[in-house]
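First up is the structure itself, then whatever we jot down about it.
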Amino acid sequence: SEAHLQNCPFSRSSYCLHDRHASVSCATIRLQGENATDSEGRVEIFRNGVWGTVCDNNWDINDATVVCRQMGFERALSAPGRAAYGPGTGPILMDNVECWGSEAKLQHCNFTTSRDCGHNEDASVSCAIIRLRGEHATDSEGRVEVLQNGVWGTVCDDDWDMNDATVACRQLGYSHALSARGQAAYGQGTGPILMDNVECRGSEAQLQNCPFTFGSCYRGHNRDASVSCGNNSKRHRLHFLLKVYT
């Protein structure tokens, strides 16, 4: 939380050589705005020493997916426009963004500079705070991992059932769950076990909205929960086809 590195506790060492110099890579993208969180908000980029916004002309799920992956998330859930998180300030640095969805950074996508866009057209994203990982995992099946306070962790299979799996799958963009497996079916995860005794009704928008407990999970990561999802909404494929054929 310190404003300057020099405000942090440190010592002066005569034992540290130049081959131990520290380095950083700083973010050139951030999410801001009214009710913004680490995973959703108005998209702002950093260029030439200035933060600015992105216009929502041609803004779609492919563009949002690139933003979310650039910020360390798995995928985008939505790509709101019309200053959904409030209008920004400063310059509008990108307009008519045209990502394929595979780019590493938003700045690598085709775009123009804005001449007729106002901050009432600022683009936003909502990124998924859930992902599927593990041995032989795919986009639609794998070990369930959730993001909490900037840390990815797993879900224990205590009480894990089809209602829970359905919520997880819908959160990932699918219509329903095909199975709800336990016993680390896709291999054991690492890091914290962030959810235990999950009790979804099946109608919740996010797994994190369901009742659950924080627990150590008896026997640890060999009880990691998994899902297999079906009936993709096709929204990502549709946007890809529109970009190819229009």
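Here are the numbers for the structure shown:
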quantity	calculated
Estimated FRET transfer efficiency (His108, Tyr218; beta-carbon r; R0 45 Å; 0.05)	0.45
Carbon/sulfur fraction of accessible area - the chain, other protein chains in place, 1.4 Å, %	49
Separation of the Gln183 and Asp116 label points, Cα + 7 Å toward Cβ, nm	6.3
Length released on extending from Ala22 to Val50, taking residue separation times 0.36 nm less the Cα-Cα span	7.6 nm
Coil-residue chymotrypsin sites (Phe, Trp or Tyr not before Pro) of the stretch 1-89, DSSP, other Cβ within 10 Å capped at 13	Phe10, Tyr15
Within a Gaussian network of the chain (alpha carbon springs, distance under 10 Å), most fluctuating of Ser126, Ser140, Ser203	Ser203
Of the GluC sites (Glu not before Pro) in the stretch 115-176, those whose Cβ has at most 16 other Cβ within 10 Å and which sit in DSSP loop	Glu135
Full-stretch length increase - Ala205, Asn96 - with 0.36 nm per residue and alpha-carbon distance subtracted	36.2 nm
Relative contact order of the chain, pairs being alpha-carbon contacts under 8 Å that are 6 or more residues apart, as %	16
Net length gained if the chain between Ala137 and Gln6 were fully extended (0.36 nm per residue, minus Cα distance)	42.7 nm
Cα gyration tensor shape for the chain, rounded if a/c is under 1.5, else prolate or oblate	oblate
Residues whose placed amide H lies under 5 Å from that of Asp158, excluding near-sequence neighbours	Asn197
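The values are calculated or read from the model by the stated rules, or taken from the named source; none is laboratory data. Note that the structure is predicted; figures quoted are calculated from it, not measured. As a convention, Cβ positions derive from the backbone with ideal geometry for all residues, glycine included, and neighbour counts pool all protein chains shown. The accessibility values were calculated without ligands, DNA or RNA, using every heavy atom of the protein model including side chains. Shrake-Rupley method; radii C 1.70, N 1.55, O 1.52, S 1.80 Å.
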